[in-house]
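The values are calculated or read from the model by the stated rules, or taken from the named source; none is laboratory data. The shown structure was predicted, so the numbers you read here are calculated from the model rather than taken from an experiment. No Cβ is skipped: glycine too gets one built from the backbone with ideal geometry, and neighbour counts run over all protein chains shown. Keep in mind that these areas ignore ligands, DNA and RNA; they rest on the heavy atoms of the full protein, side chains included. Shrake-Rupley method; radii C 1.70, N 1.55, O 1.52, S 1.80 Å.
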Amino acid sequence: MDYTKTEEKIMFGEIEEIEDIIEKRFKKYKNFARIPTHLLNQNHHFIHHKTININPKSELAERIHKEWEILEKNLPSSIFVRASAERIDLMRAVIIGLEGTPYCHGLFFFDIFFPTTYPVTPPLIFYHSYGFDLNPNLHRDGQVSLDLLTINVSHSWWNCKRDSDEKQQWNPQESNIMQVLVSIQHKVLNANPYYCHKGHPQKSNKEVFRLNCQAMLVMLQPHMQFKQPHMQFKHLVQGHFRNRAHQILQIHKAEMKPDDDEEMNQLFIKLLNAFEDNGAYCGHYYPKALKERRSISNHR
């Protein structure tokens with residue numbers, strides 16, 4: 001399915017939504033920011049990998065500050081990073097899935113740690129999977145498989161070389177964390193994630209998109225905004241899914257077939273409810289009977 005073309009057909013003129021404080025904060029949300037350590041270190045995967053007493057004038061500190069400058073100036077609009085102001089060895093990032101892929105409009109959270117050997121060795125990356133197995137290079141246990149995170153080619157996780165790709169491994173003089181994040185977005189969260197992974201249990205793009213939607217439902221649960229890793233990105237999560245609700249629902253409708261199993265139909269209704277609870281108007285997507293049932297339920 002062409003996810004991009006589906007989105008081009010969407011009309012927003014019929015939908016009038018009120019801009020509230022969430023949308024205002026979302027519009028002002030910066031792609032890069034430094035935040036107090038206590039806001040980042042709760043449940044950060046690498047909180048106990050402390051790089052003790054980093055000298056502010058050390059090569060490590062200077063390199064990390066340089067990384068901050070690169071991120072602040074050059075991050076694409078679809079990647080967000082929060083760095084710890086005191087624990088400069090810690091970061092957290094959110095990557096938005098690109099259009100044209102089964103990950104489109106999904107949010108993907110990563111914890112980042114710079115070891116004392118950085119940049120001789122690459123940063124450590126942990127992926128928050130929420131228990132979903134939706135990519136052969138993003139594992140349920142949080143492991144991220146990417147050539148750019150390896151040093152020796154013989155130990156590379158990237159098990160297929162596409163015709164146009166060269167294996168790009170970590171280079172201490174040239175590589176940086178922004179390259180890692182962009183590589184994850186483009187090379188891992190790609191349009192055909194299982195194409196090169198013959199030894200891995202195969203999933204269709206439709207199944208991957210379904211898992212992507214299920215992960216969205218987890219992120220939209222009200223209690224999640226008070227948990228890590230969402231706490232620092234609450235306004236991003238709320239504003240993002242409020243703005244992208246219609247695109248996601250249009251893609252889901254295009255994926256649904258008359259003979260689809262009940263799971264896809266139920267997932268569509270769950271997404272409708274979650275997006276409306278998050279502040280997006282989606283009532284025009286409800287079949288008449290379901291709309292009446294939801295209206296009765298809301299007045300009880």
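Just one of HIS105, HIS65, HIS48 is at pLDDT 95 or above and surrounded by fewer than 20 Cβ atoms within 10 Å (Cβ to Cβ); which is it? Spell out the reasoning first.
Values: HIS105 fails: surrounded by fewer than 20 Cβ atoms within 10 Å (Cβ to Cβ); HIS48 fails: at pLDDT 95 or above.
Result: HIS65 is the single residue among HIS105, HIS65, HIS48 that is at pLDDT 95 or above and surrounded by fewer than 20 Cβ atoms within 10 Å (Cβ to Cβ).
Being within 21 Å of LEU138 (Cβ to Cβ) and more than 13 Å from the chain's Cα centre (by Cα) is the filter here; which residues of the stretch 222-246 pass it? Step through it out loud before you land on a result.
In the first step, residues of the stretch 222-246 are kept if they are within 21 Å of LEU138 (Cβ to Cβ); the result is 224, 227-230, 232-233, 236-237, 240-241, 244.
Residues satisfying the conditions are MET224, LYS227, GLN228, GLN232, ARG244.
How do the helices (runs of 4 or more DSSP H) wholly within the stretch 220-300 filter down when requiring 3 or more residues that are surrounded by 17 or more Cβ atoms within 10 Å (Cβ to Cβ) and modelled with pLDDT of 80 or more: which remain?
Filter on the stretch 220-300 gives 234-255, 262-277.
Within the stretch 130-144, identify whether any single residue is surrounded by 14 or more Cβ atoms within 10 Å (Cβ to Cβ), aromatic (Phe, Trp, Tyr) and free of Cβ contacts under 8 Å to residues at least 24 places away in the same chain, and answer yes or no.
No, because not a single residue in the stretch 130-144 is surrounded by 14 or more Cβ atoms within 10 Å (Cβ to Cβ), aromatic (Phe, Trp, Tyr) and free of Cβ contacts under 8 Å to residues at least 24 places away in the same chain.
With the requirement that a residue be in a loop (DSSP other than H, G, I, E, B) and of a type in the set (Phe, Trp, Tyr), what does the stretch 115-141 give you? Steps first, answer last, please.
Within the stretch 115-141, the subset in a loop (DSSP other than H, G, I, E, B) is 115-123, 128-134, 136-137, 139-141.
Selection gives TYR118, TYR130, PHE132.
Restricting the stretch 145-161 to residues that are open to solvent by 70 Å² or more (accessible area, probe 1.4 Å) and of a type outside the set (A, V, I, L, M, F, W, C), which is modelled with the lowest pLDDT?
Going through the qualifying residues, I end up with HIS155.
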